[in-house]
Every structure is written in C-alpha cells, then in structure tokens.
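Notes for the one structure printed next.
Bear in mind these aren't lab numbers, they're just calculated from the coordinates by the rules spelled out. On a predicted model such as this, the values are computed, not experimentally measured, just so you know. Cβ coordinates were reconstructed from backbone atoms using ideal geometry, including for glycine residues, and neighbour counts include every protein chain displayed.
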Amino acid sequence: MRPQRILLDLDGVCNRSPMSFLKYVGCPVDDYSYRDYPVGCGWDLVEAANRLHPSRKFSVGEFWDTIDRRAWATAPESAEFKWLLGHCEALVGRKSICILTSPTIDPDCLAGKLEWIHSHFPKWMHRQFLIGPRKHFCARPDALLIDDADHNVAAFREHGGQAILVPRPWNSLIGTDTFQHLAEQFDALSRRELTV
C-alpha cells in the first residue's frame, strides 16, 4: 500500500544531533560528519562519548544533564533533511507529514526540539509534530515512519506500519549510501513496494 501519511523522525534524521551532542560535551568530532562515530557503540551515545572524550567518563545522568536546551535547539541539519522533506511532500502532500520525535525526561529537551522545528522547518510544519517514545502507537497500514533507530522501525512494522531505516553508523545499515538508499526507497514507494 502506498503511504497516505509520513511520520518523520527529528534527531539523527532531520538533524545531526547525535554527533552535535558528542561535540557539545567535548569530544573531538566533526558534527557535520559521521566518520568519527565509534561503530561498536550502536545507539549508546554515552558509551560513544566515553570512548571519544580525551579525559572524561560520563555516567548516563551526567551526559544527559550536559545536553541542555541550547544543544537540542542548535544541532545542525542533516545532509538529507531538505531532500527528504521535499520527497515526503511530493509523496503525500504537506498536510500528511508529521514530525514524530522521542524526548528525554528533561523539559529543556522538548523546548529545544520545538525551537529546532521552528528554526529549520517551513512554517507549514510548525504545528505538525507529535512527541512521545512509543512511535509504534502511530503505526497503521497507510503510515510510513522514517527513522534512524532499528528498534523503532521494527516495532512500527510489527504493529502494521511501513518504515524506512535511514542509514547511520549506529544502525544495521551502517556503510549504506544514505541518499542512494532513500532514493531507492522513495522510488519503491511510488511503485507501492518497500524493500528495507
């Protein structure tokens, strides 16, 4: 079934928050590149920070306490962001795209994410967002999730939705060309197929 609505993840898909956060806590990384991300860490940013930071070891609480509202609000756009939003709009139209993002328990996270949305998305998207960690609650046969977390994609599919996993060094598509993969997936969607 061709999707009628798209749920677009924010962090790691529309923006480069994982790399930006590592730089924000003092790790020697380029927040515009994924080449420095320690592959063996998977989606554990605290472990990644502890491997990369030259002198500090973070507890989970210490790491996330360092990530303040400014860090959430100022993460750079991903290289694919504009392309992805344009293809989503072409596939389902403006009124059928929604940002679906999972927060931490810190209220500054929510405020920073909202600032990011208002700073980077076009005005027509400023009130098209849902916030919550249970993304699979939005799954249905005509819904497409675009996300960078294997577990979110798997849960969404298990609950009847369609999903595209965006290649990143912390997921199972590590080493896959992101633009090529997304182009193939959108082409397949236009033919009512989905391969990965």
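Some points to look at:
- Only beta bridges with both residues in the chain are counted; by DSSP, about 5 percent of them are antiparallel.
- Nonlocal amide H pairs with Asn15, under 5 Å, H built at 1.01 Å: Ser78
- Our coupling estimate for region 57-73, obtained by passing each phi through the Karplus curve with A = 6.51, B = -1.76, C = 1.60 and θ = phi - 60°, is 10, 9, 7, 4, x, 4, 4, 5, 5, 6, 7, 8, 4, 4, 4, 5, 6 Hz, Gly and Pro reported as x.
- Residues Trp170, Trp72, Trp83, ranked from the fewest to the most other C-beta atoms within 10 Å, line up as Trp83, Trp170, Trp72.
- When Arg192, Arg140 are arranged by Cβ crowding within 10 Å, least crowded first, meaning fewest neighbours, the order is Arg192, Arg140.
- Per-residue ellipticity at 222 nm from helix content only, as computed over the chain with -39500 (n - 2.57) for each DSSP H run of at least four residues, stands at -11000 deg cm²/dmol.
- The angle between the Cα long axis of helix 107-120 and the main principal axis of the chain comes to about 60°, on a 0 to 90 degree scale.
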